[in-house]
Amino acid sequence: MKRWWSMVGKEWRGTWTLLAVATAATVAFDIWLGIKTATWSLMHMGEGLAVGLSFIPFAGVGIATVVAGYFAMRGEWQSHTSMRTLSYPLSGTAVLTSKLAVILFNLVLVTLVAAAGVWFVASRTPGFRMMMTSDPTFMAWVRSREFLTSGIWVTISGILGIAFMVAVGMFSFVIGTLVPRISGLIAVAVHVLVWYLCFAFGPHAMYVASFLPNPVIVGFDNALDLVRRIEVPLLPLWPTLAVTAVLLLVAGRILGSEVDA
Amino acid sequence: MLAIEMANVHKRYYRSHALRGVNLQMEPGKIVGLLGPNGAGKSTLLKICAGLAHPTTGRVHVLGRDVSTATKGLTAFVPENDTFYSWMTPRQAVAFENSMFSDMDVSDAMDLLRELRLDPDNKISSLSKGQRGRLKLVLAMSRRARVVLMDEPLAGIDPPSRAAILETIASRYRAGEQTIIISTHEVLESEKLFEDVVFLSDGQIVLSGNADELRANRSKSLNEIFAEVC
Amino acid sequence: MQINFDESIPIYVQIMQGVMWDVAVGTLAPGDKLLSVRDLARDARTNPNTVQRAYMELERMGIVETQRGQGTFIKASPRLAKEVRSEVTATAVRSFINEMRRLRYSNEEIVGLVSQGLDEVPAADGPSAANGQTVADGLASGQSTEGTNGGVH
């Protein structure tokens, strides 16, 4: 475990500058929106503009999630440090999870900053707050007992979703290394294939998962002026967890026995 | 218990056949020269022992065990390429190795850094090739590793650094308890260091034995024998 | 002790010869301490096991003795220098004669060549010039490495 934490520390040292830049850019963008939003709200239909724009950093997080796993691995190969990293008495899966942990931390941190930014911009937008507080559905949801637990489950699902996508990137890269010369092409193909398989067999997996205990997210709907409570079971939770674990274990196994660097 | 034991080891890559049936028994406590031209399979052989490659067929034992994550902790692998995390300083690199290997001796490493005139607080990215070559050696030789695997430690390095590297291996070698395997195609400079030698050519062992016995039997230097058999 | 190695001769033999030459010419006196195995290995960039083997052979020949924990010393025997000197000399003469015979010289011719050579080669350097040189030194052996000047203390 000491070795794993040490590896995490090394990963952290290698990525924190990028994290600092991303965080600073998000904060600066949201501050700019926070300043502008009062003016924009005076324009026709302008109330939601700044709030809408404040969601842009989430798109950045989304793109980063798809490519982070791949690039975290490729960085090691390009600098030849893969040789050193994999010569340590640490399993391949441990190497992957140490990278995953740091990527997750970074992406979650940026997401939290972006979410705080949305709240900040919204709170500085005149009228927007009133619009929210006067919405009966929203208020019913916020006041509900399940708001906190649902929030926690949404967060967990979000983190798991990120972990899954990062794992797909790592897995594709590792499979790519088995075929030198065209490793990049193979990685992209594997990436696409994994996604395809997930969509093709996702429904089946969710059907199987429906027999397992699943956490529920509670929401509210106000069709016909009647606030209605709706429950959405988190069916993708167990399948995603399982696939992520399998991807990491298989990729780790390959790394542990064969490095082409 | 043998330091390294290989039985009929083959290694095929996508298009090449790097090792073609290698049988090898290396006794512990020796400095062994793994000699052969470029592309003979030296790096592949060392990587297999270090657990960085898996033989296509055949069996490999390091210190009597199958190669695994556990044997990685007993061996020190010194790759030919630069593999440092370049944002580290030598001091940080020593600390990091210490966190990974329980047999690292940090104060010994700091002594060796000083002996080899390496500034512990200078970023690795600013070091010359020769300095990096010396740093690689510091990290490997300040461990009490039972097996040290060095891949071309002199390749592409300036003459003073080469001399320093050879002297360090000779003086820091833990005689009796440590096995050092050094692959090289530059035999002339390093041959006095080897107690045993293994000549590898085209993925096969063409000659092996005690260095001084080979010299006595053939009245030739290892370098001359190398030119003959490889 | 300075050894110019010829890599085509067993390294341990050359280390032995180096010590014996030094004893023969008096650079190493009885009771003198040899370099430690580790130091000599470093200076000569050679294998400590090889140095160890040379010291063991020398001990077997009765030229040095190892005192536990203190190092290896030239044996404190009054006759040692003389004995080693005659042995080194005999080896040098034998090797020279063998070489000349391989060149198909008769005994008379060898004697003649030696006396002729003695007139031609200036002796100004004194006998110690050849200190530590191995017999085959200077033959086609590729590059020989300079051993660093080894202390005797």
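The values are calculated or read from the model by the stated rules, or taken from the named source; none is laboratory data. Model, not experiment: these values are computed from the prediction. Backbone-built Cβ (ideal geometry, glycine too); neighbour counts: all protein chains shown. With ligands, DNA and RNA removed, areas are computed over all heavy atoms of the protein, side chains included. Shrake-Rupley method; radii C 1.70, N 1.55, O 1.52, S 1.80 Å.
Annotations
- Cα long-axis angle, helix A:56-78 against chain A (0 to 90 degrees, to the nearest 10): 10
- With the Kirkwood sum run over all distinct C-alpha pairs, the range A:2-260 has a hydrodynamic radius of 20.8 Å.
- Theoretical FRET efficiency, 1/(1+(r/R0)^6), r = Cβ-Cβ of A:Val208 and A:Trp32, R0 35 Å, to 0.05: 0.15
- Summed residue charge, Cβ within 10 Å of A:Asp221's Cβ, Lys/Arg positive, Asp/Glu negative: +2
- For the range A:42-150, the list of GluC sites (Glu not before Pro) that fall in a loop by DSSP and count at most 16 other C-beta atoms within 10 angstrom is empty.
- Solvent-accessible area of B:Asp121 with every protein chain in place, 1.4 Å probe, in Å² to the nearest 10: 90
- 222 nm mean residue ellipticity, helices alone, for chain A (DSSP H n ≥ 4; -39,500 (n - 2.57); rounded to 500): -26000 deg cm²/dmol
- Share of carbon and sulfur in the accessible heavy-atom surface of the range B:29-72 [1.4 Å probe, %]: 49
- Per-residue SASA entry for B:Cys230, accessible area with 1.4 Å probe, Å² rounded to 10: 50
- Free of any GluC sites (Glu not before Pro) that DSSP assigns to a loop and that have at most 16 other C-beta atoms within 10 Å, the longest stretch within chain B is B:1-176.
- Net +/- balance of residues flanking C:Leu113 in space, Cβ distance below 15 Å, scoring K and R +1, D and E -1: -2
- For B:Met104, net neighbour charge (Lys/Arg +1, Asp/Glu -1) across residues whose Cβ lies under 10 Å away: -2
- Pairs of alpha carbons in the protein assembly as shown whose separation is greater than 38 Å (percent): 51
- Share antiparallel - DSSP beta bridges, the protein assembly as shown, percent rounded to 5: 65
- Relative contact order (%) - criterion: Cα under 8 Å, at least six apart; region: the range B:71-162: 45
- A:Met7 contributes an accessible area of around 0 Å² to the protein surface, as traced by a 1.4 Å probe with all chains present.
- Computed from the Cβ-Cβ distance with R0 of 25 Å, the FRET efficiency linking B:Asp119 to A:Trp4 stands at 0.25.
- Shielded residues, the range B:97-112 - accessible-area loss of 50 Å² or more between chain alone and all protein chains, probe 1.4 Å: B:Ser99, B:Met100
- Relative to the longest principal axis of the Cα atoms of chain A, the long axis of helix A:146-177 makes an angle of roughly 30 degrees.
- Cα gyration tensor, the range A:1-90 - rounded (a/c under 1.5), prolate or oblate: prolate
- Sparse-neighbour loop sites [trypsin sites (Lys or Arg not before Pro); the range A:113-201; at most 16 other C-beta within 10 Å; DSSP]: A:Arg145, A:Arg181
- For chain B, the convex hull drawn through the C-alpha positions has a volume of 121 cubic angstrom per residue.
- The relative contact order of chain B comes to 28 percent, based on Cα pairs under 8 Å that sit 6 or more residues apart.
- Structure-based [θ]222 nm, chain B - -39500 (n - 2.57) summed over DSSP H runs of at least 4, per residue, nearest 500: -10000 deg cm²/dmol
- Accessible surface computed residue by residue for the protein assembly as shown, with neighbouring protein chains in place and a 1.4 Å probe, gives 49 Å² per residue.
- Eligible lysines near B:Lys129 by straight Cα distance, threshold 27 Å, same-chain separation 8 or greater: A:Lys10, B:Lys42, B:Lys47, B:Lys72, B:Lys192
- Dipole check for the protein assembly as shown: with +1 at the C-beta of Lys and Arg, -1 at the C-beta of Asp and Glu, and the Cα centre as origin, the magnitude is about 1880 Debye.
- Shape of the range C:1-94, Cα gyration tensor, a/c cut at 1.5: oblate
- Distribution of pairwise C-alpha distances over the range A:3-154, 10 Å bins, in %: 10, 29, 27, 19, 11, 5, 0
- Taking the range A:139-202 and dividing mean pair separation by its residue count, relative contact order in percent (alpha carbons under 8 Å, at least six apart): 20
- Rounded to the nearest 20 debye, dipole of the range A:107-261 from Cβ charges on Lys, Arg, Asp, Glu: 240
- Degrees between helix A:237-257 axis and first principal axis of chain A (Cα, 0 to 90, nearest 10): 30
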